[in-house]
Amino acid sequence: MGASVLYTKITQRPPAIVRSDGHYLETDDGRRIFDASGGAAVACLGHNDPRVKQAIMAQLDKTAYIYAPFFTVPAAEEIATFLTESTGGKMQKVFIVSSGTEAIEASLKMARQYFTELPNPQWQRTRFIARRQSYHGNTLGSLGAGGHKVRRAIFEPILATNVSHVSPCYPYRDMREGEGEAEYVGRLAEELEAEFQRVGPETVCAFVAETMCGTTLGCVPAVPGYFKAMKEVCDRHGALLILDEVMSGMGRTGTLHAWEQEGVVPDLQTIAKGLGAGYAPVGALLVGSRVAEALTRGTGSFTHSQTYQGHPIACATACAVQKIIRDDNLLANVREQGPYLGKLLKERLGNHKNIGDVRGRGLFWALEFVKDKTTKEPFPAADGIAQKVHRTGLQKEHCISVIPGAGVADGKNGDIVQIAPAYNISRADIELIVDRVEGVINAVFGAE
Ligand SMILES: Cc1ncc(COP(=O)(O)O)c(C=O)c1O
């Protein structure tokens, strides 16, 4: 491995992984790191599952590649059918891509195209409303949709100007003293309504949100009723609801689709990470009946395509991963072990002077760090606290991987780490994670 790789920190070579198996990653200097993050909440089956490898080999033996506009393969049909059936037919069509970002790009184009295909086309619909402290990907379109201030900063002058942002649902910092959940939801719905009015309700294609916020806010489940209220605003103005489940979907929160717990059905849904569990790069756009039927009746095609869409290896991988999740009853394990992880994190770290909030759902938990627990003052961004916790975790004394995130408080300051282990984790593994994370926190901040 040479210095030609453009590392994330250009001059710092990250640890080299020479082997990974189950929950462990082995480095070339002999560390065995417990993967409590699944990379970036991806490796939901752990590493080196022989069944997925076998499925990939079997697909390679049949067909490695086809060009999706010309041909289809059984694996593509199978994963698409699995996905639509998993929604009870509410989502009718599936467009397979290679990443979460690509799924978001496709969703934005699909939303726009939908309005041009109605019997009375609404060409004036060109805008999107998304949320601050959100992340939807890193290409210009998806970055333009997201509200990640730091990742947007230097590119701001070349990002699309047809997206505006409202507040996320973030009770830890944004719910007012004495305010009930229903009032808070009402206030957020009024804010969204006001944004529709400000930009012109007839110009909005869709409201875009992560069903459960990922790295840019840190595993915040929506307050009950939040998504219903947001959907009502969208419905009032004929706009679509796009739910980004790239990180929170495919079982991470305890149901295959995170929206199942929110009482809403999106018009468009993006998925990725847990779809292929990291064994192949794969994401997808799921298209709800309203949009699918409009396009079918309209031009009959989606004005978008990519060379690797519906890639056979990606599709076969996703089929194998989803079969394992179903056959091994892993969602039940997420629902059982997730609350145990949350309970232990709260018991062991909830009172720490520098941990302001412990939150999550399923196997998707975050610790939010604060300088002052009473005022909730975050550490300044320059301290790089989340990165420090992450780096300390990888040291040989701790050997645990967690996901760092920053900017949660105001887009710049405010640090979190996320814990997102594999769905097949055991109770003993959870105890090991919490022991190691506690060791890391004490090493970085000192014991409480
Ligand atoms: C919610 C969300 N949307 C989109 C993306 C982009 O996905 P990818 O990195 O696969 O392009 C991510 C990645 O972390 C994400 O968390």
Notebook entry, point to check: Calculated from DSSP H runs of 4 or more alone, at -39500 (n - 2.57) each and per residue, what is the 222 nm mean residue ellipticity of the chain, nearest 500?
Noted result: -11500 deg cm²/dmol
Check: Going from the alpha-carbon gyration tensor of the range 246-360, what semi-axes, largest first and in whole Å, does one get by taking the root of 5 times each eigenvalue?
Finding: 34, 18, 14
Check: In whole Å, what is the distance between the alpha-carbon centres of the range 204-236 and the range 336-392?
Finding: 23 Å
Next item on the list: Report the calculated FRET efficiency for residue 160 and residue 290 (r = Cβ-Cβ distance, R0 = 25 Å), to the nearest 0.05.
Entry: 0.55
Notebook entry, point to check: Toward the positive end of the charge dipole of the range 184-294, about the Cα centre and with charges on Cβ (Lys, Arg +1; Asp, Glu -1), which of 201, 188, 237 goes farthest?
Noted result: 188
Check: Quick one: putting +1 on the C-beta of Lys and Arg, -1 on the C-beta of Asp and Glu, what dipole do you get for the range 53-327 around its Cα centre, in Debye to the nearest 20?
Finding: 520 debye
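As a quick test, which of the pairs 9/323; 273/371; 9/149; 53/346 have an alpha carbon distance above 27 angstrom in this structure?
Details: 9/323 37 Å; 273/371 32 Å; 9/149 19 Å; 53/346 37 Å.
Flagged as over cut-off: 9/323; 273/371; 53/346.
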Notebook entry, point to check: Considering the Cα trace of the range 53-327, what is its radius of gyration and what is Dmax, both in angstroms?
Noted result: 18.5, 63
Margin query: Through the Karplus equation 6.51 cos²θ - 1.76 cosθ + 1.60, θ set to phi - 60°, convert the phi angles of the range 149-160 into ³J(HN,Hα) values in whole Hz; use x for Gly and Pro.
Written below: 3, 5, 5, 7, 2, 6, 9, 2, x, 10, 8, 4
Next item on the list: Please express the shape of the range 99-185 as an equivalent ellipsoid: the semi-axes are the square roots of 5 times the eigenvalues of the C-alpha gyration tensor, given largest first in whole angstrom.
Entry: 27, 19, 11
Next item on the list: Report in % the part of the accessible area of the chain that belongs to carbon and sulfur, leaving out ligands and nucleic acids; probe 1.4 Å.
Entry: 53 percent
Check: Among 355, 313, 425, which residue has its Cα positioned farthest towards the positive end of the charge dipole of the range 308-448, with +1 placed on the Cβ of Lys and Arg, -1 on the Cβ of Asp and Glu, and the dipole taken about the Cα centre?
Finding: 313
Check: So what are the ³J(HN,Hα) numbers for the range 190-197, from phi and the Karplus equation (6.51, -1.76, 1.60; θ = phi - 60°), rounded to whole Hz, Gly and Pro as x?
Finding: 5, 5, 5, 4, 5, 5, 4, 5
Notebook entry, point to check: When the Cα centres of the range 393-443 and the range 27-86 are compared, how far apart do they sit, in Å?
Noted result: 25 Å
Notebook entry, point to check: What list of ³J(HN,Hα) values in whole Hz, one per residue of the range 101-116 in order, does the Karplus curve 6.51 cos²θ - 1.76 cosθ + 1.60 (θ = phi - 60°) give from phi, with Gly and Pro shown as x?
Noted result: 4, 5, 5, 5, 3, 5, 5, 5, 5, 4, 4, 4, 4, 3, 5, 7
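Report the extension gain between residue 61 and residue 167 in nm, rounded to one decimal, defined as 0.36 nm multiplied by the number of residues separating them, less their alpha carbon distance.
Separation in residues times 0.36 nm, less the Cα-Cα distance, equals 33.2 nm.
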Margin query: At 1.4 Å probe radius, can you tell me the per residue accessible area of the range 53-327 in Å²?
Written below: 40 Å²
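The values are calculated or read from the model by the stated rules, or taken from the named source; none is laboratory data. These figures come from a predicted structure and were not determined experimentally. When we count neighbours, we look across all protein chains shown, and the Cβ atoms used for this are built from the backbone with ideal geometry, even at glycine. SASA here: full protein model, heavy atoms, side chains in, ligands and nucleic acids out. Shrake-Rupley method; radii C 1.70, N 1.55, O 1.52, S 1.80 Å.
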